[in-house]
1. Taking THR145 and the conditions (1) hydroxyl-bearing (Ser, Thr, Tyr); (2) in contact with a strand residue (DSSP E or B) (Cβ under 6 Å, 6 or more places away or on another chain); (3) at pLDDT 95 or above, which numbered condition does it fall short on, given that it satisfies the others?
2. Provide a single number: the residues in the stretch 141-163 that are under 17 Å from the mean Cα position of the chain (by Cα) and more than 15 Å from ASP111 (Cβ to Cβ).
3. Pairs needed: first member in the stretch 157-168, under 18 Å from ARG137 (Cβ atoms); second member anywhere, open to solvent by 30 Å² or more (accessible area, probe 1.4 Å) and basic (Lys, Arg); C-beta distance under 9 Å; at least 6 residues apart or different chains.
4. Considering only residues that are among the small types (Gly, Ala, Ser) and over 25 Å from PRO14 (Cβ atoms), which ones fall in the stretch 53-96?
5. Return the residues of the stretch 106-146 that are of a type in the set (Val, Ile, Thr) and closer than 18 Å to HIS47 by Cβ; say none if nothing qualifies.
6. Being of a type outside the set (Asp, Glu) and surrounded by fewer than 15 Cβ atoms within 10 Å (Cβ to Cβ) is the requirement here; does SER69 meet it?
Amino acid sequence: GLKWDTTTDQITFPTESPIPQRPITKRAILKETALLFDPLGFLTPVHIRAKILLQKMWLEKTSWDEEISPVLRNSWNNIYSDLCSARTIHVPREYFNNFQNSPAELHVFCDASESAYGAVAYLKQNELISLVIAKSRVAPIKSITLPRLELMAVLIGARLAKFTAAAF
């Protein structure tokens, strides 16, 4: 899970580095991806790439214990490297030092591509900007138009805005 460093008041991720499993299978990739618990979406750029890779393996009908193809192995090695690097990320728990003294603005951004869609929420107070939460989804296997995927991203963004506004 997430760790709270009480001395620096920061949220950190587990620092134990995962041991790369050989052979690289769909089961091993899912295990390594699931090791980092990220309910606030700070690691969304890495997690979504791993989810897209898993979807590709489903499309190729790769079994759970079958070694993946060399093309997918190269993609996984890049993602695995990023997952290991993500363990060094420290996120300040407090958004701003003087939150009550001036108003804050909530900004939500949404986007979609052919492979994924998502949204992110930021709080802005004066010149300070803090990431609050991010959510993403892998695009469905059945082909959907880009405008529809953009609308699905907007739906996630609206839900994030509602959730975040209710928390403050």
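The values are calculated or read from the model by the stated rules, or taken from the named source; none is laboratory data. All figures in this text were calculated on a predicted structure; none of them were measured in a lab. Because the Cβ atoms are built from the backbone with ideal geometry, glycine has one as well, and the counts that use them run over all protein chains shown. For accessibility, only protein heavy atoms count, side chains too; no ligands or nucleic acids. Shrake-Rupley method; radii C 1.70, N 1.55, O 1.52, S 1.80 Å.
1. (2)
2. 1
3. The qualifying pairs are GLY157/LYS135; ARG159/LYS135; LEU160/LYS135.
4. SER63, SER69
5. VAL120, VAL132, ILE133, VAL138 - these are the residues of the stretch 106-146 that are of a type in the set (Val, Ile, Thr) and closer than 18 Å to HIS47 by Cβ.
6. Working: of a type outside the set (Asp, Glu): yes; surrounded by fewer than 15 Cβ atoms within 10 Å (Cβ to Cβ): yes.
The answer is yes for SER69.
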